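Novice: Submitted below is the structure of interest, expressed as structure tokens.
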Amino acid sequence: MYLIGFLEGAGAHFLDLIGGGIHAYASFAPVPLQVFFVSLAVLDPMVVVLVGCVRSAGVRLAGGVMVLDVISNWIVNWAWLQRNPAWLLRPVGLLPITLFGLFVIATLLPLLRALKGVTLHLSCTTR
């Protein structure tokens, strides 16, 4: 699920950047959040690679990215939500990001415990 969610996020951010360049988020986000949303084009694929290589650093990075992503999206959507609470129910946007973020946070510690002591013999494992 991590790989699917972060691949989808990476794709969405790449499409945003292709369509609007580095200012793709300027119409609705303050500069620090714009920088964060642009950085997700790098961070999301990094999570995919690290989690795909079964690295605990990837799980930790996933947790940090999703906490910041959920908070950032709630900040930029807050005004719309106050005007129209049904905005939350859109199938693309705040609801799936929030649900995926909750999933990542809920599975973070169990997944880190499961990875403790795991030794893999995969091509992306270097020790």
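The values are calculated or read from the model by the stated rules, or taken from the named source; none is laboratory data. Quick caveat: nothing in here was measured; it's all calculated off a predicted structure. Cβ coordinates were reconstructed from backbone atoms using ideal geometry, including for glycine residues, and neighbour counts include every protein chain displayed. With ligands, DNA and RNA removed, areas are computed over all heavy atoms of the protein, side chains included. Shrake-Rupley method; radii C 1.70, N 1.55, O 1.52, S 1.80 Å.
Novice: Take the conditions touching a residue at least 24 places away in the same chain (Cβ under 8 Å), closer than 24 Å to Leu115 by Cα, in contact with a Gly (Cβ under 9 Å, 6 or more places away or on another chain) and not hydroxyl-bearing (Ser, Thr, Tyr) and apply them to Val54. Does it pass?
Specialist: no
Novice: Looking only at the stretch 7-26, decide whether some residue is in a loop (DSSP other than H, G, I, E, B), touching a residue at least 24 places away in the same chain (Cβ under 8 Å) and surrounded by fewer than 16 Cβ atoms within 10 Å (Cβ to Cβ).
Specialist: For the stretch 7-26, residues in a loop (DSSP other than H, G, I, E, B), touching a residue at least 24 places away in the same chain (Cβ under 8 Å) and surrounded by fewer than 16 Cβ atoms within 10 Å (Cβ to Cβ): absent.
Novice: Something else now. Please give the number of the condition Lys116 fails out of (1) under 18 Å from Ala29 (Cβ atoms); (2) in contact (Cβ under 8 Å) with a residue 24 or more places away in the chain.
Specialist: Every condition holds for Lys116 apart from (1).
Novice: So, in the stretch 77-94, of the ones that are over 20 Å from Gln34 (Cα atoms) and in a helix (DSSP H, G or I), which residue ends up most open to solvent (accessible area, probe 1.4 Å)?
Specialist: Just the residues of the stretch 77-94 that are over 20 Å from Gln34 (Cα atoms), to begin with: 82-91.
Right, trim to in a helix (DSSP H, G or I) and you get 82-83, 85-89.
Working: Gln82: 124, Arg83: 167, Pro85: 92, Ala86: 55, Trp87: 65, Leu88: 49, Leu89: 124 Å².
Among those that are over 20 Å from Gln34 (Cα atoms) and in a helix (DSSP H, G or I), it is Arg83.
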